[in-house]
Amino acid sequence: MKQSIFKLSLFFLAMASFIACSDDDSAPIVDDDPVSFAELEDEWVRLTLLQEDKIETMQAASEEIIGFVDTGLPQGSRYYSSNSGRYLTVINTGANETRFFDTGVVNHVDHGHQNQVRWLDLTLQTSVPVHYTSVNGNIVIFNDGDGSITYVEEEQLELPAYTPMTMRLENTVGHHGVGIRLDSGKFAVTFQSDTAPDDERLPQMVKYVTSDGTVIDDNGGVVVGRIHGSANNGSYGAFGSTDGVIVVDNQDNIDLIPNSDDSLRNERGFWIGTLKSHENSELFYGRASNLGIYTINPEQKSMSLLYEGGNVENDMFSFNGEFYLLHTDDGRIRVYDANTSDLITERVVEMADIPDSPITTAKSANSEMAQLQQEQEQESPVLICSDKFLYVLAPNRTQIKVLEIDELKHVHTIELDTPVQSIVKNGFSIEGEQHGDHNH
């Protein structure tokens, strides 16, 4: 009888645990298969752990710290993972500086190498660097102070003598703008119109710039009220604006996709001012903070509402661009097929608070510019993903929960020795068999 009661108690305990974890990930979860994560995650995926006075790089599958530096990021700086997964571009706008953190993980397409984790001996000094874009290893940083752009070829960063090129463009002025590089080799860069008010910080048009910095003085006849935010997959680029989305391409066209409905308008929070893209996705995703997320098809010159709501915290693509993920302020994660916008799965997941930044503080002062900056392409500090897995920094900041992206099923928990402020995605994945012996 006692044995029967004991078995019945275990049954109800298991059922209670299942119910508690079926949608809300706030309760402790036992790994479904403790060995599956280490076996399935690619050996070259890296998690960079940011602390106030230290940066560590971890091999995700083994949970081994493979290197660190005893200095944290400069206060107030923003960071962005490079396309290869090797570097973090660290922009310190207040100090007019850009630096590069090297995780040492090298992608040779069919295999990888691990070099030293370090800061590169390279500091760029430009006039108010702010907006960052990158695709196919081509990094462009827009400098608000004088309207110039800095072009960084990622594959050249490991060369000690390499110096990125800053282009001071003709007939431009300092403004809060953006530049991108297309696969054609040309840049598309924002400019202010001659009729812009003296106190206007945002641009009104886009022009092409050749690889040597020559401005092609043609805006395609597209002039809008204000521009903010950009996305680029190499073939197409897109710029958010009060009047719709400006699209550029490898054939030097400049077109405007008009706002798709009356909800989109030239009013704070009601126009698309942030966009996301991936080199392997044909679709772009734009955000109007008070309205939600729009799917943008640059080839068909169309846009449509994907998610309605003013509660979006962050959005991102998976490593390879297969999935598009949306994080709302109720802790719910939605996973979409990036190339069709079809919803695959969704789930509430408890995670750490997003650290405050100078931009976050400014946002509370009711500044539209600060709000647009806060919503631009900065990566989530508590939620990142590889090809297969989603990594979530837990509220205690000493655990990283690992979920399968396509089902949002919790499969593992990484235990950290000390709390971390933020987690960053680095590294890469290799399809098929991996070969360990290579000479270079």
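Every read-out reported here was derived from the displayed coordinates using simple, explicitly stated rules and does not represent laboratory data. A quick note: this is a predicted structure, and the numbers were derived from the prediction, not measured. Heads up, the Cβs are rebuilt from the backbone with ideal geometry, glycines too, and the neighbour counts pull from every protein chain shown.
For this structure, a couple of remarks:
- Residue list for the range 163-192, given a label point 7 angstrom along the Cα-to-Cβ vector of VAL128 and an amide N cut-off under 16 Å: 169, 172-179, 190-192
- Counting every C-alpha pair in the range 247-363, the share spaced more than 17 angstrom apart comes to 60%.
- Largest first, the three principal axis extents of the alpha carbons in the range 290-331 are 33, 27, 9 Å in whole numbers.
- Spatially, the range 115-137 and the range 315-340 are offset by 26 Å when compared through their Cα centroids.
- What the Cβ-Cβ distance of SER263 and ALA161 gives, at R0 = 51 Å and to the nearest 0.05, is a FRET efficiency of 0.45.
- Residue pairs, from the table LYS186/LYS425; LYS54/LYS388; LYS54/LYS401; LYS54/LYS409; LYS388/LYS425; LYS388/LYS409, whose Cα atoms sit over 20 Å apart: LYS186/LYS425; LYS54/LYS388; LYS54/LYS401; LYS54/LYS409
- Counted by Cβ distance under 14 Å from MET167, the other residues give a net charge of 0, where Lys and Arg count +1 and Asp and Glu count -1.
- Label positions at ASP183 and GLU308, each projected 7 Å from the Cα along the C-beta direction, are separated by 3.6 nm.
- Under 5 Å from the amide H of ILE333 lie the amide H atoms of ARG347, VAL348, VAL349, each residue being 5 or more positions distant or on a separate chain, with H modelled from the backbone and absent for Pro and chain starts.
- Sites LEU40 and VAL348, calculated FRET efficiency, Cβ-Cβ separation with R0 35 Å, nearest 0.05: 0.90
- Available extension along the chain between ASP198 and ASP252 is 16.5 nm, counting 0.36 nm per residue and deducting the alpha carbon span.
- From phi via Karplus (6.51, -1.76, 1.60), per-residue ³J(HN,Hα) for the range 244-249 in Hz, x at Gly/Pro: x, 10, 7, 10, 10, 8
- A straight line joining the Cα centroids of the range 187-233 and the range 234-252 runs 11 Å.
- Amide H contacts for GLN192 (H built 1.01 Å from N in the peptide plane; partners 5 or more residues away or on another chain; cut-off under 5 Å): VAL173, GLN204.
- Proximity of backbone amide H atoms, modeled 1.01 Å from N, is registered between SER260 and no other residue at under 5 Å, excluding neighbours fewer than 5 places apart on the same chain.
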